[in-house]
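Undergrad: Take a look at the following structure, please.
The values are calculated or read from the model by the stated rules, or taken from the named source; none is laboratory data. Predicted model only: the values in this text are computed from it and were never measured. For neighbour counting, all protein chains shown are included, and Cβ atoms are generated from backbone atoms with ideal geometry for every residue, glycine included. Quick note on the areas: whole protein, heavy atoms, side chains included, nothing else; ligands and nucleic acids left out. Shrake-Rupley method; radii C 1.70, N 1.55, O 1.52, S 1.80 Å.
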Amino acid sequence: MKMSYLAHEVELSKRHEEILGLRNTLLQQMENKLESQTNEKKLQAVEFESANERNASLLKDLEVAEKKLRAEVCTHLHPTVLTLETKYWASVEEHLPKWEQFLLGQTKSPVEVTNPRDKKSQKKDPQDKVTIKSSNLPPSASTCKTPPQFPPTQNQKRTKVHKKRIT
């Protein structure tokens with residue numbers, strides 16, 4: 001019996017040594033994993049900082065390019081174009097509240113196109129609306145089928161006369 005206890009004790013001792021060896025191996029692997037994760041986080045932080053610096057630099061470059069383009073555009077525009085642009089934006093700001101209400105579906109359209117031949121459309125609407133009478137528009141603009149026709153130039157007239165002589 002003593003022998004069996006001694007053999008059992010030796011076997012348990014070997015098993016204990018194996019477990020301790022496995023424990024040390026796992027602890028070492030965990031330490032290595034933690035160290036690699038820490039290094040990876042540091043690397044990501046460095047990459048993050050460099051990306052932020054690069055993005056800030058690109059943003060500054062874009063702002064400089066935008067300022068240059070705006071300066072070039074403003075210097076090359078004719079004064080009448082600048083005046084028209086200013087008047088356009090003033091008009092937009094003036095009429096924006098009416099259009100906002102229309103686009104939100106709260107009121108009718110602020111622009112009404114009327115035909116002078118249509119008696120129903122000649123009634124005045126009590127709301128403040130801009131009315132465009134089709135009689136004030138060129139004939140082709142009121143039908144919207146073709147662009148307006150302009151009178152022929154002298155050169156075009158000569159060409160027609162020349163073609164008639166040939167035929």
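Undergrad: Any idea which of (1) open to solvent by 90 Å² or more (accessible area, probe 1.4 Å); (2) of a type outside the set (A, V, I, L, M); (3) modelled with pLDDT of 65 or more is the one residue 136 doesn't satisfy?
TA: Condition not satisfied by residue 136: (3).
Undergrad: Determine which member of the set 101, 44, 28 is assigned to a helix (DSSP H, G or I) and in contact with a Ser or Thr (Cβ under 9 Å, 6 or more places away or on another chain).
TA: 101
Undergrad: Let me ask something else about it. Does residue 100 count as over 26 Å from the mean Cα position of the chain (by Cα), surrounded by 10 or more Cβ atoms within 10 Å (Cβ to Cβ) and of a type in the set (Asp, Glu)?
TA: The answer is no for residue 100.
Undergrad: Also: Can you name the number of the only condition in (1) under 23 Å from the mean Cα position of the chain (by Cα); (2) closer than 30 Å to residue 84 by Cα; (3) open to solvent by 90 Å² or more (accessible area, probe 1.4 Å) that residue 65 fails?
TA: (3)
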